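These notes are about the structure you will find just below.
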């Protein structure tokens with residue numbers, strides 16, 4: 001069954017192949033973005049799956065795979081004309097989750113996308129990701145760009161609230177009720193103090209955005 005909310009980044013420099021993949025995956029219910037260079041792939045928006053061609057005009061696909069794996073938990077499916085065993089081994093060692101050789105059938109491709117999505121969701125149900133931010137709700141550990149971010153219990157709870165639905169603005173009162181309790185009657189200024197501390201520890205004033213008269217939401221955190 002297709003997951004309509006799954007976001008697929010297509011990294012392919014051949015316009016014909018890229019266009020065909022984009023049209024087919026869009027019809028199948030995926031949200032797609034297509035780029036044709038290493039540089040564009042490195043600045044792309046958040047995604048769940050990467051379809052990565054190794055033969056790119058401005059860099060090596062294996063190096064890009066390594067870079068994407070360091071910065072993202074997205075599933076990486078290499079799609080390439082390189083079918084030799086050393087190429088497969090290099091891609092898998094660089095962090096690819098699967099490898100498919102051109103030409104391939106669209107049904108096989110979508111089956112493999114569904115498979116890598118299932119695996120990632122089974123193993124990462126306790127993980128929240130947003131840009132460079134990784135939150136492990138089981139161990140209560142946070143990393144930003146691979147670096148540990150030590151947080152107090154209250155700071156962690158606030159960040160978890162925001163990261164559970166990072167595009168949504170959470171009202172100040174909603175955060176307070178979820179982090180403290182539903183009967184909190186103290187000053188709401190306490191939340192601002194914790195938000196300021198989180199921004200400082202995440203190393204970016206725009207890590208948490210204030211939406212005037214509404215509340216807070218996470219920034220892009222690229």
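Find the residue count for segment 32-67, including only residues that are touching a strand residue (DSSP E or B) at 6+ places or on another chain (Cβ under 7 Å), assigned to a strand (DSSP E or B) and either over 15 Å from residue 13 (Cα atoms) or without any contact (Cβ under 8 Å) to a residue 40 or more places away in the chain (or both).
Adding up the residues that qualify gives 5.
If I ask for residues that are assigned to a loop (DSSP other than H, G, I, E, B) and either free of Cβ contacts under 8 Å to residues at least 12 places away in the same chain or buried (at least 18 other Cβ atoms within 10 Å of the Cβ) (or both), which ones from segment 83-92 would you list? If you could, list the steps in order and put the result at the bottom.
Looking only at segment 83-92, we keep the residues that are assigned to a loop (DSSP other than H, G, I, E, B), and these are 83-84.
84, the sole residue that qualifies.
Can you tell me which condition residue 134 does not meet? The list is (1) in the same structural domain as residue 191 (by TED's automatic domain parsing); (2) over 23 Å from residue 193 (Cβ atoms); (3) surrounded by 11 or more Cβ atoms within 10 Å (Cβ to Cβ); (4) more than 15 Å from the chain's Cα centre (by Cα), and all the others hold.
Among (1) in the same structural domain as residue 191 (by TED's automatic domain parsing); (2) over 23 Å from residue 193 (Cβ atoms); (3) surrounded by 11 or more Cβ atoms within 10 Å (Cβ to Cβ); (4) more than 15 Å from the chain's Cα centre (by Cα), residue 134 violates only (4).
The values are calculated or read from the model by the stated rules, or taken from the named source; none is laboratory data. Worth saying up front: this structure is predicted, and the values here are computed from it rather than measured. Every residue, glycine among them, receives a Cβ derived from its backbone with ideal geometry; neighbour counts consider all protein chains shown.
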